[in-house]
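Below you'll find the structure, written out as structure tokens, and then a few comments.
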Amino acid sequence: MQRVVIVGAGRLGMVIGSGIKRGVPDVELHFVDATPEGRERARERLRAEAAAAYEPAPGDLTLLTLPPQAFPGFAAGQDPHAVAGVTVVSLMAGVRLGALTGGLRSRQVIRGMTNIAAQVGKAVTVLAPDPAVTTQGVALADKILAGVGSVVKVADEDALDAASAVVGGGTALVAYFADALAEFAMAAGFSSAQACTIALGLLTGTAELVERLNATPADVYKPVLTPGGTTAEGFALLQETRWQDMLRAALEKSAERSREIGGEVDGLLKN
Ligand SMILES: NC(=O)C1=CN([C@@H]2O[C@H](COP(=O)(O)OP(=O)(O)OC[C@H]3O[C@@H](n4cnc5c(N)ncnc54)[C@H](O)[C@@H]3O)[C@@H](O)[C@H]2O)C=CC1
Ligand SMILES: O=C(O)[C@@H]1CCC=N1
């Protein structure tokens, strides 16, 4: 049985664990968490083994879902011989490959980013393997993470800061947008349940349309803008206020914070 060890039984660790349980057969799931509450959560909710100490075994896949700033302390406590033969995937925002390989003293490391849709098998996971990772290591990470959604592989880890913003944080942005749509419906007199049905229908309907038509999101919004009609009137205001520019600026802020976190972690590792 393939062992998957998730270090950090917090929000992301728990949803990835739950996605793996649901979508990947023949996996023995283990958790490591620094707190008794975290360990209890993993045992109770996922019926998984949970320990305070990280005890890897050759052939394991380890997923790091602890706070970036906790990584240096975690790495300092590890025996470099213990992680030999283990493929480690970091899903922490910002932490650079150099910090991961230097901290763990292993090159069998992949920097990744994912999102909480893993819980329902619909995450997008971006992976940037260290060039020294074995083909088997990449294949193992790919196989397990493909069980919780789609996997995109990139050669340049710089893409991972943008991924922190648009992949990791993207679920929050989309849900925030849908929240505004639901709020509008409620203000117009729809009940909260009806507003939720409307917002959910818009999210799933639009996504499925883009997928089935093999189209881009732009292909789908443009035909809705009937000239002289209702949608175009609203869009004109969005364009006037440069709404898309604002969204891009917000994503750039998040990506910048990811780079900043990377610098903070590098600093912590040096001290
Ligand atoms: N929450 C999200 O939607 C996403 C989070 N991430 C990344 O996942 C990581 C965790 O984020 P959250 O789950 O939101 O945080 P969280 O605070 O909910 O979970 C962190 C967990 O790590 C545990 N932990 C802390 N130090 C530890 C150590 N030294 N050893 C073992 N366990 C330790 C904590 O007890 C806690 O259970 C972060 O690096 C974040 O960048 C990435 C994508 C999405
Ligand atoms: O906000 C954060 O820092 C984490 C990483 C991406 C999503 N949540």
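The values are calculated or read from the model by the stated rules, or taken from the named source; none is laboratory data. This is a predicted model, so every value here is computed, not measured. With ideal geometry, Cβ positions are generated from the backbone for all residues, glycine too; neighbour counts draw on all protein chains shown. We work out accessible area using only protein heavy atoms, side chains counted, and drop any ligands, DNA or RNA first. Shrake-Rupley method; radii C 1.70, N 1.55, O 1.52, S 1.80 Å.
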What's the FRET efficiency of Glu211 with Arg47 using the Cβ-Cβ distance as r and R₀ = 45 Å, to the nearest 0.05? 0.85
For the chain, the charge dipole (Cβ of Lys, Arg +1; Cβ of Asp, Glu -1; about the Cα centre) points to a positive end, and the Cα of Thr135, Tyr54, Pro25 closest to that extreme belongs to Pro25
Estimated vicinal HN-Hα couplings, Hz - segment 196-213 in sequence order (Karplus 6.51, -1.76, 1.60; Gly, Pro = x): 5, 4, 5, 4, 5, x, 5, 5, 6, x, 5, 4, 5, 4, 4, 5, 5, 7
If amide hydrogens are placed 1.01 Å from N in the peptide plane, which non-local residues have theirs closer than 5 Å to the one on Thr125? Ser150, Val151, Val152
Please list, in chain and number order, the residues 5+ apart from Ala51 or on another chain whose amide H is under 5 Å from its amide H, with Hs placed from the backbone. Phe31, Val32, Asp33
Which value, in Å² rounded to 10, gives the accessible area of Met186 with a 1.4 Å probe and all protein chains present? 70
Nearest-20 debye value, the chain charge dipole, Cβ charges on Lys, Arg, Asp, Glu: 380
In square nanometres, what is the average projected area of the Cα convex hull of the chain? 16.6
Are there chymotrypsin sites (Phe, Trp or Tyr not before Pro) in segment 137-188 that DSSP marks as loop and that have at most 15 other Cβ atoms within 10 Å, and which are they? none
Dipole moment magnitude, nearest 20 debye, segment 44-150 about Cα centre, only Lys, Arg, Asp, Glu C-beta charged: 280
Normalized C-alpha radius of gyration of segment 170-253, against 2.2 N^0.38 Å? 1.19
Hey, got the Cα dimensions of segment 2-160 along the principal axes, in Å, largest first? 38, 33, 26
Please report the antiparallel percentage of the DSSP beta bridges confined to segment 2-160, to the nearest 5. 15
With DNA, RNA and ligands ignored, accessible area of Thr35 (1.4 Å probe; Å², nearest 10): 50
